[in-house]
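The values are calculated or read from the model by the stated rules, or taken from the named source; none is laboratory data. These figures come from a predicted structure and were not determined experimentally. We place every Cβ from the backbone using ideal geometry, glycine too, and count neighbours over all the protein chains shown.
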Amino acid sequence: MPEPILSIRNLAVEFKTEDGIVHAVDDITYDVFPGETLGIVGESGSGKSVSTLSILGLIPQPPGRIAGGEAIFKGQDLLKLKKRELRRIRGDEVAMIFQDPMTSLNPVLRVGFQLGEAIKTHYPKERDGAVKERVIELLRIVGVPNPETRYDQYPHEFSGGMRQRAMIAMSIANSPSLLIADEPTTALDVTIQAQVLQVMKRVQEETHAATILITHDLGIVAELCERVLVMYAGRIVESGDVHTIFRKPRHPYTIGLMDSLPRLTEDEEWLHPIPGQPPSLINRPSGCAFHPRCFLSQGRAACLDEVPSLREIDGAGHSSACHYAEELRDRPSRFGAPVQAGGAQ
Amino acid sequence: MTEPVSRKPGHESEKIVAAGLEDTTVVAGLELEVRSQWSYARRRFLRHRLAMTGLILLIIVFGAGLFANFIAPYSYEQIDLNNILAPPTTFGHHFFGTDEIGRDYFSRVIYGIRTSEEVGVFVAVVSSFIGLIVGAIAGYYGGWIDNLLMRITDLVLTLPALAILLTAAALLGSGNQWRVSIILALFFWTTLARIVRGVFLSLREKEYVEAAKAAGSGDARIMFRHILPNTLGPIIVNGTLAVATAILVEAALSFLGFGIKPPTPSLGSLVVSGQTNPQKWWLTIFPGLTIVLIVLCINFIGDGLRDALDPTQRRIRA
């Protein structure tokens, strides 16, 4: 196995609110390997964004607080870096793509200038001419037509898809080795989503950056990712490669997620949601946070009392945080019959 | 800089991407004019009749002040003993008449304009600068820094400006226009500080600020390169109006005899010379009207700028 580019160990992030302490991310551990695309899925408030924003120092502190853990990026712990050192990494070695391209570009500055800023922030000595050339090159890479004209335009002259392309161009401006895309297509309509996903795929092929893709769209995960983490209530409940997760999910929550997707091939009157509500992160249910909504638990004591830890099952890097994951082994998946251990490539 | 990303020739996905292009600049050969918010604002301003009238008049008046040494027929100190308290006449080129020691009033008013515009512009620039820095820091950092700076601002706002100016002038004696300007500037920054703070408070939560942070920009860079351009509208409007207020306050101070030391003429002190000779109307009317004209013009320009720079307004006034 190659050396991971980012290793997160026991990361915990809390937010202090008037009602109590919100445990947004609780003791999560994962690795990102060079060149791979890791998907993080989960419903709103499951801590998927916070888990990545916090390692870049992008959560407001206070009320946010990193309660523990480490995030080793290329040999240094990002959580221990000084503000200035972290800033040098942000946008250079690690870049982000944000959710809403409509508001992530500054309306009063020309797009070309903003992209140039991303470069000049880290390479202030770069000649203006070289920066401009590079920006036009970047716009071309992400498929913005007429980059020379577009360079001098303002964000309001860009459509949503074009803006997201510009944002992607900005994120790869300094050839980062880790790209974090926080719901990059959520704010776009479906046809534009497809185009932007194409662009992301292409950018990844060209930059070979490791990518963390945060989304709640399982379709995008299936399209782009090689490995998947499923998060629930601030914890990782299942992880594994994308085929394994889709073909033989071993956590009741993952199964619930898959079942909640509408099927195009069948005539269905109703959707199949997971019963109940997402848990409060202030008073999390005891034991397994998912037990009140779980079809498998059936009130068994272990689910109520013991916090299940993420443990490897079936080998091949497939882990699940369910006490009774083995009972799911023979359950047929919606996405094809269970395959041999190790997943199909 | 790191290696530029290479483009593979004949890339597969390029075709797919290209198929989905929506290019608004070239649609069937139709070129759309690229227009920035500034060019919209410029157009709106140029169509604002009152503001344009104000601007043209102000350019004439301020131009006269700026080039006073070329335009004024006499120096402001030159005494013509043959024509003491002469009424306005073209004779001897005393267009505005002469004062009680025979100095040409037209020249004195023009030099007075120069003093007033120096005071106005200096106060506006310096106070805008202070207000901008204070407001930006308070709004961007928030917390105790914001609290401290805003309480200082409140304190300055509660001070009775005129009383303190009079005290300062009485203690220091009346001085040249720069000293008056500096004192005025130290009072005038508060409104702008509050405006800028408000804008920064709301803009620092914007996603593009977060995006700039994620791109590794430092605080100063975010404040002055990313947020500041969004606040220029109110700063420009407020700065313009500050020129008018400063001119008025300076005139009031000089009127009370605590402003600019004679013989340097200032519009306020010129108005006073009419007090001693009430029947010599030209001594009051000309400098007085000049003040009114300048302040009126500036306020019209300010209104025009406010309308023009309001981004919610797309309508171009006919």
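Here are some notes:
- If only residues of the stretch B:61-112 that are among the aliphatic types (A, V, I, L, M) and part of a loop (DSSP other than H, G, I, E, B) are counted, the one that is surrounded by the fewest Cβ atoms within 10 Å (Cβ to Cβ) is B:LEU81.
- Candidates B:LEU186, B:LEU132: the one that is within 30 Å of A:VAL111 (Cα to Cα) and modelled with pLDDT of 85 or more is B:LEU132.
- Identification of helices (runs of 4 or more DSSP H) wholly contained in the stretch B:201-318 with 1 or more residues that are more than 13 Å from chain A (Cβ to nearest Cβ) and under 22 Å from B:THR98 (Cα atoms) yields B:228-255, B:267-276, B:282-309.
- Filter pass, A:ALA222 being part of a helix (DSSP H, G or I), without any contact (Cβ under 8 Å) to a residue 24 or more places away in the chain and surrounded by fewer than 22 Cβ atoms within 10 Å (Cβ to Cβ): no
- For the stretch B:44-92, a residue qualifies if it is of a type in the set (Ser, Thr, Tyr) and either touching a Leu at 6+ places or on another chain (Cβ under 6 Å) or at pLDDT below 75 (or both), and the qualifying residues are B:THR89, B:THR90.
- All helices (runs of 4 or more DSSP H) inside the stretch A:1-107 with 2 or more residues being in contact (Cβ under 8 Å) with a residue 24 or more places away in the chain, out of contact with any strand residue (DSSP E or B) (no Cβ under 9 Å at 6 or more places or on another chain) and not small (Gly, Ala, Ser): A:83-89, A:101-104
- Scanning the stretch A:175-185 for residues that are assigned to a strand (DSSP E or B), within 10 Å of chain B (Cβ to nearest Cβ) and more than 24 Å from B:ASN230 (Cβ to Cβ) yields a single hit, A:ILE180.
- Within the stretch A:302-345, being of a type in the set (D, E, K, R), at pLDDT 80 or above and either surrounded by 14 or more Cβ atoms within 10 Å (Cβ to Cβ) or part of a helix (DSSP H, G or I) (or both) holds for one residue alone: A:ASP305.
- Subset of the stretch A:241-278 (residues that are more than 14 Å from A:HIS318 (Cβ to Cβ), of a type in the set (Ser, Thr, Tyr) and in contact (Cβ under 8 Å) with a residue 24 or more places away in the chain): A:TYR253
- Qualifying residue in the stretch A:186-194 (condition: closer than 27 Å to B:HIS226 by Cα, among the β-branched types (Val, Ile, Thr) and surrounded by 23 or more Cβ atoms within 10 Å (Cβ to Cβ)): no
- Any hit, the stretch A:70-84, residues being within 21 Å of A:VAL228 (Cβ to Cβ) and in contact with a Phe, Trp or Tyr (Cβ under 8 Å, 6 or more places away or on another chain): no
- Scanning the stretch B:256-282 for residues that are buried (at least 20 other Cβ atoms within 10 Å of the Cβ) and under 24 Å from B:TRP189 (Cα atoms) yields B:PHE258, B:GLY259, B:ILE260, B:SER266, B:LEU267, B:GLY268.
- Verdict on B:THR231 being hydroxyl-bearing (Ser, Thr, Tyr) and crowded, with 17+ Cβ neighbours inside 10 Å: yes
- Those residues of the stretch B:121-148 which are part of a helix (DSSP H, G or I) and more than 27 Å from B:GLU250 (Cβ to Cβ), in sequence order: B:ALA136, B:ILE137, B:ALA138, B:GLY139, B:TYR140, B:TYR141, B:GLY143, B:TRP144, B:ILE145, B:ASP146, B:ASN147, B:LEU148
Table: residues versus (1) at pLDDT 85 or above; (2) outside any strand (DSSP E or B); (3) in contact with a Leu (Cβ under 9 Å, 6 or more places away or on another chain); (4) surrounded by fewer than 22 Cβ atoms within 10 Å (Cβ to Cβ).
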| site | (1), (2), (3), (4) |
| --- | --- |
| A:ILE214 | yes, no, no, no |
| A:VAL228 | yes, no, yes, no |
| A:MET231 | yes, no, no, no |
| A:VAL237 | yes, no, yes, no |
| A:THR244 | no, yes, no, no |
| A:THR254 | yes, yes, no, no |
| A:MET258 | no, yes, yes, yes |
| A:PRO262 | no, yes, yes, yes |
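- For B:LEU241: the one exception among (1) at pLDDT 85 or above; (2) over 15 Å from the mean Cα position of the chain (by Cα): (2)
- Residues that are among the β-branched types (Val, Ile, Thr) and more than 20 Å from the chain's Cα centre (by Cα) within the stretch A:157-191 comprise just one, A:THR191.
- Only one entry in A:PRO249, A:PRO278 is part of a loop (DSSP other than H, G, I, E, B) and buried (at least 17 other Cβ atoms within 10 Å of the Cβ), namely A:PRO249.
- Here A:VAL108 passes the criteria (1) over 22 Å from the mean Cα position of the chain (by Cα); (2) more than 9 Å from chain B (Cβ to nearest Cβ) except the one numbered (2).
- Selection within the stretch A:284-324 - farther than 20 Å from A:GLY234 by Cα and among the basic types (Lys, Arg): A:ARG300
- Scan of the stretch A:140-160 for residues that are without any contact (Cβ under 8 Å) to a residue 40 or more places away in the chain and either in contact with a Lys or Arg (Cβ under 6 Å, 6 or more places away or on another chain) or of a type in the set (Gly, Ala, Ser) (or both), ordered by number: A:VAL144, A:PRO147, A:SER159
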